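Written out below as structure tokens is the structure these notes cover.
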Protein chains: 2
Amino acid sequence: MTGKTFSSVWLREPRKPTSPGRSREEIVRAAVELLNEEGLDGLSMRKLGAKLGAGATSLYWYVANKDELLELVYDEVWGEMRVPDADEVGWREAASVLAHSMRRVILDHPWAADLIGRLPALGPNALHVANEMRKMFKQAGFTGLDTDYAIATLTGFIFGMTIPEVAWNSTSGHEQVDLGEMRSLLLQVARRFPHMREGFELAEMEDPRVVRAVAFDFGLVSVLDGLERRLAT
Amino acid sequence: MTGKTFSSVWLREPRKPTSPGRSREEIVRAAVELLNEEGLDGLSMRKLGAKLGAGATSLYWYVANKDELLELVYDEVWGEMRVPDADEVGWREAASVLAHSMRRVILDHPWAADLIGRLPALGPNALHVANEMRKMFKQAGFTGLDTDYAIATLTGFIFGMTIPEVAWNSTSGHEQVDLGEMRSLLLQVARRFPHMREGFELAEMEDPRVVRAVAFDFGLVSVLDGLERRLAT
DNA sequence: AAACTCACTCGCACAGTGTGCGAGTTTTGT
DNA sequence: ACAAAACTCGCACACTGTGCGAGTGAGTTT
């Protein structure tokens, strides 16, 4: 374990000098664009500099290092998540809309999936979402730490459902894999793991994207039901 | 989108030549060791070669590229997950033990958290776990695709709960952050996001590790309750 | 007007990365 | 003994993040 000292953009002076109205947001915006186009590996300081018509190392005036830049872009995706007001639509509806929104955002920004396991979500946008979720679950009737447990449970489910989906999408983007070979491999697998066979047969009649969406909905009502049951005690 | 052709170690000839009983497993084992010691960034082909007393590029005889090596080590962690027999202990108990086992394995191999979002779990160990889970949920009473949805829901919850926990651990390993500064920042946050305040106050009286473990249990019973409810319809 | 300060830019260099290539070495098969 | 196959590895290439220190240009002070 490298004795790394914990540091985060968010745990520092509220602002850098940033006197000219110019650049940090611009950098983050360009970085997000680059990430959307080329993925996490496609983001390098040199490319980002070039995209902004700047030298590679100029960016280091606005950002301490690449990790800090990643913290900033990570919070940016939290900013895209929509949390409806539970007072207006009820907590279950609010939670459901939020869940689909979070899933959508991650699928649209696959690189964010990698960041979830690397950075804690401490930025203002993430805190805003957390705050709204807390309000939502309190409105549902949760109290004390149970409220936070409910938040963790729901976001956990959403992330855990979506992150592997990203992994799957990244490989099967336009699959070059021989379909016949794939099929025969599946058969071979089915022999060694007999319980999987039925699942394979059922799943291959549907569009995988649809299957995953249905699975998400199935899981979501389960989780919400489970949370609702906690309220009864 | 780079038109990457999908390829996986698992979708290829069942075996490389591998005539001498010697090396591929050994490489994977050493890689896992290196990963446990130094994390995902600490694994480089050169270091791995050195650890094995071999030249850096010698490994490429046994492994097509680094990604393939990662697929192999990824499946290795699936091999550490324990799935009890649902016929003996009942599906709820089996699911619960499995969940805690998966959480433990990921916390013990934090680098695996990054791989979940990058690679689909297609290795033999992963398939074995999936197979056992399918058996477990069928024993519970699920049928058809619902069985697969239940699997996705449970593993989704487990991963989604644990992956951010890994992120948090990686920063707060031995936190060098000024506690007073942290405190004052939290107060500032609490002003902007009032609903968070109660959560902060409650949480800071407990050991964060314990809080997260409790949250996991809370979420787990919720998810299992929710799944059980699906059986009623 | 001259001097100074300070926000900002960026080229160079260093240590490190994955990996293709092709020339070597060892082991195996006949 | 000879050939073929299995295996090793040094070199080179293009790339990475980033510390350093010299440069630029606008604004402020004297």
Tell me which of these A:GLU13 doesn't satisfy, since it passes every other one: (1) loosely packed, with under 13 Cβ neighbours inside 10 Å; (2) at pLDDT below 95; (3) within 14 Å of chain B (Cβ to nearest Cβ); (4) within 16 Å of DNA strand D (Cβ to nearest atom). (4)
Within region A:61-80, of all residues that are aromatic (Phe, Trp, Tyr) and at pLDDT 95 or above, the one nearest to DNA strand C (Cβ to nearest atom) is A:TYR74
Give the number of residues within region A:211-233 that are of a type in the set (Gly, Ala, Ser) and within 7 Å of chain B (Cβ to nearest Cβ). 4
A:LEU122 fails exactly one of the following numbered conditions: (1) within 16 Å of DNA strand C (Cβ to nearest atom); (2) assigned to a loop (DSSP other than H, G, I, E, B); (3) within 24 Å of B:GLY117 (Cβ to Cβ). What is the number of that condition? (1)
Enumeration of residues in region A:32-60 that are near DNA strand C (Cβ under 8 Å from one of its atoms) and under 25 Å from the mean Cα position of the chain (by Cα): none
Counting only residues that are of a type in the set (D, E, K, R) and within 20 Å of A:SER7 (Cβ to Cβ), region A:35-77 contains a total of 6
Just checking, which of B:LEU187, B:LEU107 is at pLDDT below 95 and either touching a helix residue (DSSP H, G or I) at 6+ places or on another chain (Cβ under 8 Å) or more than 7 Å from chain A (Cβ to nearest Cβ) (or both)? B:LEU187
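For (1) modelled with pLDDT of 95 or more; (2) surrounded by fewer than 21 Cβ atoms within 10 Å (Cβ to Cβ); (3) in a helix (DSSP H, G or I), each residue gets a yes or a no:
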site: B:GLY156; (1), (2), (3): yes, no, yes
site: B:MET161; (1), (2), (3): yes, no, yes
site: B:HIS174; (1), (2), (3): no, yes, no
site: B:GLY199; (1), (2), (3): no, yes, yes
Restricting attention to region A:31-56, and to residues there that are at pLDDT below 95 and of a type in the set (A, V, I, L, M, F, W, C), which single residue is nearest to DNA strand D (Cβ to nearest atom)? A:ALA56
Looking at B:GLY180, B:GLY123, B:GLY144, which is the one that is among the small types (Gly, Ala, Ser) and within 7 Å of chain A (Cβ to nearest Cβ)? B:GLY144
Quick check: is even one residue across region B:84-99 β-branched (Val, Ile, Thr), free of Cβ contacts under 8 Å to residues at least 24 places away in the same chain, under 26 Å from B:LEU231 (Cα atoms) and in a helix (DSSP H, G or I)? yes
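The values are calculated or read from the model by the stated rules, or taken from the named source; none is laboratory data. The shown structure was predicted, so the numbers you read here are calculated from the model rather than taken from an experiment. Every residue, glycine as well, gets a Cβ built from its backbone with ideal geometry; the counts of neighbours run over all protein chains shown.
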